[in-house]
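S.K.: Okay, here's the structure, questions in a sec.
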Amino acid sequence: MKTSIKPIDITLNKQTGYLEIRWNDGSRCQYPLSHLREACPCVECRGGHQYMGPAYDPDNLLELKPARSYTMTALDMVGNYAIQPTWDDGHSTGIYAWEYLRHLCPAEE
């Protein structure tokens with residue numbers, strides 16, 4: 001079943017180190033960039049195809065321990081279903097689908 005969750009606004013704030021997404025369900029999520037980089041869903045970062053899919057998605061983005069501080073140097077749309085960031089370490093193969101990003105949303109205050 002395909003979900004209808006979609007962002008209505010995406011803001012990359014390099015000064016504060018956050019990506020903010022307002023969703024069509026009324027929620028607002030602020031993702032720390034370093035944690036988002038650590039949660040990269042690509043096969044290279046996951047450690048192989050056998051670790052792909054929702055069963056291996058982090059349960060709590062804020063519990064991840066980033067190896068270092070990361071910044072996003074570019075942010076591209078992928079069709080109408082995802083974003084693809086380029087990170088300051090040169091990594092750019094992670095495609096973050098809307099469902100994945102909504103799942104990663106840190107708890108709202």
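S.K.: Out of segment 25-42, which residues are part of a loop (DSSP other than H, G, I, E, B) and either out of contact with any Phe, Trp or Tyr (no Cβ under 7 Å at 6 or more places or on another chain) or modelled with pLDDT under 95 (or both)?
M.R.: Answer for segment 25-42, where residues must be part of a loop (DSSP other than H, G, I, E, B) and either out of contact with any Phe, Trp or Tyr (no Cβ under 7 Å at 6 or more places or on another chain) or modelled with pLDDT under 95 (or both): 25, 26, 27, 39, 40, 42.
S.K.: So, one more: Answer yes or no as to whether residue 55 is within 19 Å of residue 89 (Cβ to Cβ) and out of contact with any Phe, Trp or Tyr (no Cβ under 6 Å at 6 or more places or on another chain). Don't jump to the end; show me each part of the working.
M.R.: Details: within 19 Å of residue 89 (Cβ to Cβ): no; out of contact with any Phe, Trp or Tyr (no Cβ under 6 Å at 6 or more places or on another chain): yes.
No, not satisfied.
S.K.: If you don't mind, there's one more thing I want to ask. Take the residues in segment 44-93 that are of a type in the set (Val, Ile, Thr) and assigned to a strand (DSSP E or B), then tell me which one is farthest from residue 34 (Cα to Cα).
M.R.: Narrowing segment 44-93 to residues of a type in the set (Val, Ile, Thr): 71, 73, 78, 83, 86, 93.
Filter once more, so that each one left must be assigned to a strand (DSSP E or B): 73, 78, 83, 86.
Working: 73: 13, 78: 21, 83: 16, 86: 12 Å.
Applying the filter and picking the extreme gives 78.
S.K.: Pairs only if they're at least six apart or on different chains, beta carbon under 6 angstrom, first in segment 53-74 and free of Cβ contacts under 8 Å to residues at least 24 places away in the same chain, second surrounded by 11 or more Cβ atoms within 10 Å (Cβ to Cβ) and not hydrophobic (A, V, I, L, M, F, W, C); list them, first residue then second.
M.R.: 73/86; 73/88; 74/86
S.K.: Pick out the one residue from 8, 83 that is among the β-branched types (Val, Ile, Thr) and out of contact with any helix residue (DSSP H, G or I) (no Cβ under 9 Å at 6 or more places or on another chain). Working first, answer last.
M.R.: On the way: 83 fails: out of contact with any helix residue (DSSP H, G or I) (no Cβ under 9 Å at 6 or more places or on another chain).
Going through 8, 83 in turn, the sole match is 8.
S.K.: Now, a different point. Out of segment 1-24, which residues are out of contact with any Asp or Glu (no Cβ under 6 Å at 6 or more places or on another chain), part of a loop (DSSP other than H, G, I, E, B), of a type outside the set (Lys, Arg) and touching a residue at least 40 places away in the same chain (Cβ under 8 Å)?
M.R.: Those that are out of contact with any Asp or Glu (no Cβ under 6 Å at 6 or more places or on another chain), part of a loop (DSSP other than H, G, I, E, B), of a type outside the set (Lys, Arg) and touching a residue at least 40 places away in the same chain (Cβ under 8 Å): 5, 17.
S.K.: When segment 19-66 is examined, which residues are found to be surrounded by fewer than 15 Cβ atoms within 10 Å (Cβ to Cβ) and in contact with a strand residue (DSSP E or B) (Cβ under 9 Å, 6 or more places away or on another chain)?
M.R.: Selection gives 22, 24, 27, 28, 62, 66.
The values are calculated or read from the model by the stated rules, or taken from the named source; none is laboratory data. Note that the structure is a prediction, hence the values are computed from the model and not measured. All Cβ positions, even for glycine, are placed from backbone atoms using ideal geometry, and neighbour counts span all protein chains on display.
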